[in-house]
Amino acid sequence: MRILIVEDEKSLADIIRKGLEEEGYAVDVAYNGEEGLYLAENEPSDIIILDIMLPGVDGMTILKKIRKAGVRTPVIMLTAKDTLMDKISGLDSGADDYLTKPFLFEELLARIRALLRRNSEVKTSIVEIGDLVIDMAAHEVRRREKNISLSAKEYALVEYMTLNRNKVLNRASLTEHLYNQDFDLDSNIIDVFINRIRNKIDRGFDKKLIHTVRGAGYMMKE
Ligand code: CA
């Protein structure tokens, strides 16, 4: 899953980026409003973390503009002050959630997971696909009680396919949602990762869960 951070406080933005990358998310960062607006409108983010007080274009203006432009990506607003007016106008402008600084990183993670589930048919943090169990809070994957050890990127791919299970996902969209804007989209890296997770999840089992849809992409399905 790919997350855009729009935050001019560089140290905070970098801490959030580092933490999210360690969790396996692909992260883009904008340190000012103009760049944030551009990335929010042009990159396929799954979540936007948007600070309100920004130099240039402020967060509330960005939010209104992207909603007007039809961008429906879930937005978590960040604010330094816990005022009711800010919350009301943020939520009225199309924000999905709200965090007051300072906040605990674990709380941000929980809210991100909740928002990612909102647009998915998956509604809890523990998901079963056949005999495969994906625990999205603990980042653990098991098949028939056997723990499967995955790298952060392998896990991210499994999680993305789980949240979009029963849907055919093409290589371009998988790449876009697993890597940030610095990554070259022409690469066949997705095939490499699909092979790796297949070896770990499907090998040795009669029932395959990761399917290749010829000419279209891949799908996680029971
Ligand atoms: Ca700020």
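Any read-out appearing in this document is the output of simple, stated calculations on the displayed coordinates, not a laboratory observation. Keep in mind that what you see is a predicted model, and the values were worked out from it rather than measured. Glycine gets a Cβ as well: all are built from the backbone with ideal geometry, and neighbour counts include every protein chain shown.
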Most fluctuating residue of GLU145, GLU22, GLU121 in a GNM of the chain with Cα springs under 10 Å: which is it? GLU145
Per GNM of the chain with C-alpha springs under 10 angstrom, the most fluctuating residue out of GLU21, GLU159, GLU106 is GLU106
Quick check on the range 70-222: what does the Kirkwood estimate of hydrodynamic radius come out to from the alpha carbon pairs, in Å? 17.3
Sites matching chymotrypsin sites (Phe, Trp or Tyr not before Pro) across the range 118-222 that sit in DSSP coil, with at most 13 neighbouring C-beta atoms within 10 Å: PHE183, PHE205
Only Cα pairs within less than 10 Å get springs; with that Gaussian network setup on the chain, which residue of GLU140, GLU107, GLU34 has the largest fluctuation? GLU107
How much of the DSSP beta bridge set in the chain is antiparallel, as a percent to the nearest 5? 50
Under 26 Å Cα-Cα from LYS123, which lysines qualify once same-chain neighbours fewer than 8 residues away are excluded? LYS87, LYS146, LYS153, LYS167, LYS200, LYS207, LYS208, LYS221
